[in-house]
1. Does region 5-112 come out rounded, prolate or oblate by the C-alpha gyration tensor, with a ≥ b ≥ c the root eigenvalues, rounded set by a/c under 1.5 and, if not, prolate when a/b is larger than b/c and oblate if not?
2. Quickly rank 33-46, 96-109 as a protection proxy: mean count of other C-beta atoms within 10 Å, highest first.
3. Under the rule a/c < 1.5 gives rounded, and otherwise a/b versus b/c splits prolate from oblate, where does region 1-59 land using the Cα gyration tensor?
């Protein structure tokens, strides 16, 4: 059994890890079911394809999220949020990545897969309407991709290259001298 943790940020990160694990297992099961079940009646093959690709993308980002969690724990400063840590990893060269850059796509693609599944299996339209449904689902997939791009843009270059100092110094960097002086003046 794990030792109890008194740090609230560490405990929050543990809860987040558990949630990510549950979502990842659920997504793998959903992908397996959608991809292999012949009894599911999708409105079109395109809808099934969008559903499968959405679940697969969610799984990939879920794995990235789980890989990032220990790095965030190691690099988080004392007064730093789990979501503010730009963790250094070496997946595509030495890069820095924030948690939201991988967890948001995981959730967005999972929801797209669920909505696609619900709409494409509940509605069995005529041939012309099926094509319209396909276009709506494709537009939804594009909207998810655009929203991920916007979130990545707002999180301050989530996959930015790491500088040499952040690679050698794995821990959080100390505040600049001007900040420590200001804190000392307040105390």
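1. Details: a/c = 3.32, a/b = 2.20, b/c = 1.51.
Verdict is prolate for region 5-112.
2. Details: 33-46: 13.2, 96-109: 22.3.
Final packing ranking: 96-109, 33-46.
3. prolate
Just so you know, all these numbers are worked out from the coordinates, no wet-lab data involved. All values derive from a computational prediction rather than experimental measurement. Glycine also receives a Cβ, built like all others from the backbone with ideal geometry; neighbour counts cover every protein chain displayed.
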